[in-house]
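Below: one structure, written as C-alpha cells.
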There are 2 protein chains.
Amino acid sequence: MNGFALDPRLAADTQPVGDLELSRVLLTDDARFPWLILVPRRADVRDLVDLGHADQHRLLDEIDRCARVLRKLDNPDKLNVAALGNVVAQLHVHVIARFTRDAAWPRPVWNVAPPKNYDPRDHDKLVATLRQKLTLPAD
Amino acid sequence: MNGFALDPRLAADTQPVGDLELSRVLLTDDARFPWLILVPRRADVRDLVDLGHADQHRLLDEIDRCARVLRKLDNPDKLNVAALGNVVAQLHVHVIARFTRDAAWPRPVWNVAPPKNYDPRDHDKLVATLRQKLTLPAD
C-alpha cells in the first residue's frame, strides 16, 4: 500500500496479529502486559496530525476495536492508549491493558526493563485468540 | 454538563485554557514541555472506550486541533498524544510538543521530576496565545 514499510524496530519487538482496514496490528512480545500496537499502513507518517481526516477517524475506530478486545479478554483496571514515537518515529499507537498489580503500575510501561518474552505456545494461542476476537480470518 | 467535575489533581497541576465543544483544555504548569491536556466534559468516563462513538470522534478532532496549534507555535520534533490515566482515572488526553533537546527526550515526560513552573507573566501570555490559536474568545 503506497510505500508502507514497517519500521524494523517495531517488527523486532512484536509479532504480527493481522491487518485491519488501515492498521497493521502487532502484539508486543512482553508477557507482563497485554499490549497491542497499531501501525497505519501509510508511508512517511510520523504524527497523528500527518494522517488525513478520514484515516485519523479510521485509526480511532481500530483503536477502539483493539481496546475493547483487550478489555473483554483481560478485564484490566485501565487501558493506556498512546502515540509517542520518540524512539521509533513511524506513527504507531500503543493499546495496553493495565493492572494495579502489573510490573510497572502506576507508571507508564515504557523503559520498565527487562521484557518477559512469551512462551512460544502461549504466544501463538494468544495471537489466534486476538485474530478471532478482532474478526480477522484464521492464519 | 451532566455531572462533570474536573479531577482536583488535574486542576492542581494545570491552568485552564478554555472549553472546546467537548473538552476542557488545560495547560500543564511545566515550562520544560509545551503540554496540553484535554478532558472531555462528561461524567464518570475513565477510558476512551467509555465515550460514545460521536464523542470519541469529537475528541479526536479536538486532539488534532490542539496538536496543530502546538506544532505551529513551537515547531516540535515530535508530538506525543496519550491517554494513560493510571494515577488520575478520569479520562484525559495529553498532547505534548517534544524536542530532541528537551529534559526527558527520548523518554516519555511523566515522572521526569521536578516540574519547572512557568513564570506567571509568561504563563498568562501563553494561555492568551493558545486561546487565540484555538479560536476561543479572549478571557
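The values are calculated or read from the model by the stated rules, or taken from the named source; none is laboratory data. Small disclaimer: the values here were computed from a predicted structure and weren't measured. A quick note on method: Cβ atoms are made from the backbone with ideal geometry, for glycine too, and the neighbour counts reach across all protein chains shown. These area figures cover heavy atoms from the full protein model, side chains too; ligands, DNA and RNA do not enter into them. Shrake-Rupley method; radii C 1.70, N 1.55, O 1.52, S 1.80 Å.
Kindly indicate whether B:ARG68 is without any contact (Cβ under 8 Å) to a residue 60 or more places away in the chain, closer than 23 Å to A:ASP47 by Cβ, in a helix (DSSP H, G or I) and within 14 Å of chain A (Cβ to nearest Cβ). Yes, satisfied. Residues in region A:100-117 that are open to solvent by less than 40 Å² (accessible area, probe 1.4 Å) and either more than 10 Å from chain B (Cβ to nearest Cβ) or touching a Leu at 6+ places or on another chain (Cβ under 7 Å) (or both): A:PRO108, A:VAL112. If you go through region B:27-65 and pick out every residue that is of a type in the set (Asp, Glu) and in contact (Cβ under 8 Å) with a residue 60 or more places away in the chain, you end up with 2. Among the residues making up region B:11-28, a single one is hydrophobic (A, V, I, L, M, F, W, C), surrounded by fewer than 17 Cβ atoms within 10 Å (Cβ to Cβ) and under 18 Å from B:ARG42 (Cβ atoms): B:ALA11. Of all the listed residues (A:VAL49, A:VAL45, A:VAL39, A:VAL17), the sole one being part of a strand (DSSP E or B) and closer than 16 Å to B:VAL81 by Cα is A:VAL39. The lone criterion from (1) closer than 26 Å to B:ARG121 by Cα; (2) more than 10 Å from every other protein chain (Cβ to nearest Cβ) left unmet by B:PRO76 is number (2).
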